[in-house]
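To start, the structure under review is shown below, and the notes come after it.
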Ligand code: MLT
């Protein structure tokens, strides 16, 4: 029986993917797997019993990725599962910035029930007027699952869309509309676009990436959208850009105490993935990936280990976490060979200093054999999956 600790409410349709061999636990100390949405695990003492953590969502800045990798704990996310939900809210964000929709709603609320509201609003409405997004230039920074959908949707609404992503995947390139113009120089994107939307993960490298240089290049009156993570934008520079009128609006799904008080900020309470569809998709994908790893040792969509899969398990498998150095696989093969155990399938990938090797065995390895493999210098976690 595998025990799963959920740190947030996870959609029922996802939890229903667990078989009778799984049970939920409230106690992390006895968990084999973890499901999490936005709760921070940075301060949690994650025990060695945990095999994997699945994040029902894309961003993983709430999980100590390196610490987990060093312990052989695989962390998964669910890329693309909530991309449509976020895309729809980004489009909504542009429309909220183009006209003062929120101000207009507030006006009606303040005058509700007044008999002559139909007349007075005709005078008031000029205060909430604005522009259309059709024909405007949109710059999309980061063309992952969400960025691609935003770019394509904005293009179909008549915007002129520019995309920047030095790490564009082949898959994303296939999905991107041919109308999207490829930009190699981020400075050009900042200088040319009326709307700029950021879709990159928050990492030490991307923290504060929309900073003084970016704001100094932006057009006067530009709109910046951040539906990714608060710390991507330098708040000091943002405050100045809004105060000087350089930036027309900052639309964000990640307000902080400071940005929530700034004039010119349209802030939403992290609603991007809060749709029934996104929550269901993320939960189903997270649970399936967790099960595939626990039952088969397959690693798909991990953010701290490279992908390794041998498909459905036929017999016994070894999942070996080791340092990414020479001669380890030869030693494992030697131990198995001495026991007459054939390696029927193998997949091994390194990422940085660490590596994961998955082996399908012809028949079971003995306890002594497994102990010898676990004791190889450089091996730090061994799973015998049967
Ligand atoms: C994400 O990173 O995909 C979102 O933050 C998901 C969520 O709202 O939980």
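Quick notes on this one:
- Taken over the stretch 317-332, the residue count meeting the criterion of being within 17 Å of residue 362 (Cβ to Cβ) and exposed (fewer than 15 other Cβ atoms within 10 Å of the Cβ) is 0.
- Members of the stretch 92-129 that are in contact with a helix residue (DSSP H, G or I) (Cβ under 8 Å, 6 or more places away or on another chain) and farther than 30 Å from residue 153 by Cβ: 111, 114, 117, 121, 124
- Condition check for residue 57: closer than 30 Å to residue 136 by Cβ, surrounded by 19 or more Cβ atoms within 10 Å (Cβ to Cβ), modelled with pLDDT of 95 or more and within 14 Å of the ligand (Cβ to nearest atom): yes
- Among residues of the stretch 60-83, those that are away from the ligand (no atom under 15 Å from the Cβ) and outside any loop (DSSP other than H, G, I, E, B), counted: 6
- Residue that is in a strand (DSSP E or B) and touching a residue at least 24 places away in the same chain (Cβ under 8 Å), where the choices are 168, 138: 138
- Unique match (being touching a strand residue (DSSP E or B) at 6+ places or on another chain (Cβ under 8 Å), in a helix (DSSP H, G or I) and either surrounded by 15 or more Cβ atoms within 10 Å (Cβ to Cβ) or assigned by TED's automatic domain parsing to the domain that holds residue 36 (or both)) among 124, 97, 102: 97
- Taking the criterion of being touching a residue at least 60 places away in the same chain (Cβ under 8 Å), outside any helix (DSSP H, G or I) and either in contact with a strand residue (DSSP E or B) (Cβ under 8 Å, 6 or more places away or on another chain) or surrounded by 23 or more Cβ atoms within 10 Å (Cβ to Cβ) (or both), the residues of the stretch 253-293 that qualify are 253, 266, 268, 272, 273.
- Residue 351 fulfils the conditions (1) over 13 Å from residue 74 (Cβ atoms); (2) surrounded by 13 or more Cβ atoms within 10 Å (Cβ to Cβ) except for a single criterion, (1).
- Of all the residues in the stretch 346-370, those that are over 31 Å from the mean Cα position of the chain (by Cα) and more than 12 Å from residue 320 (Cα to Cα) number 9.
- The number of residues in the stretch 35-49 that are in contact (Cβ under 8 Å) with a residue 40 or more places away in the chain and more than 23 Å from residue 147 (Cα to Cα) comes to 1.
- Hey, residue 112 under 16 Å from the mean Cα position of the chain (by Cα), modelled with pLDDT of 95 or more and in the same structural domain as residue 157 (by TED's automatic domain parsing) or not: no
- Residue check, residue 229 within 20 Å of residue 57 (Cα to Cα) and at pLDDT 95 or above: yes
The values are calculated or read from the model by the stated rules, or taken from the named source; none is laboratory data. None of the values given here were measured: they were computed from a predicted structure. Quick reminder, even Gly has a Cβ in these numbers, built from the backbone with ideal geometry, and neighbours come from all protein chains shown.
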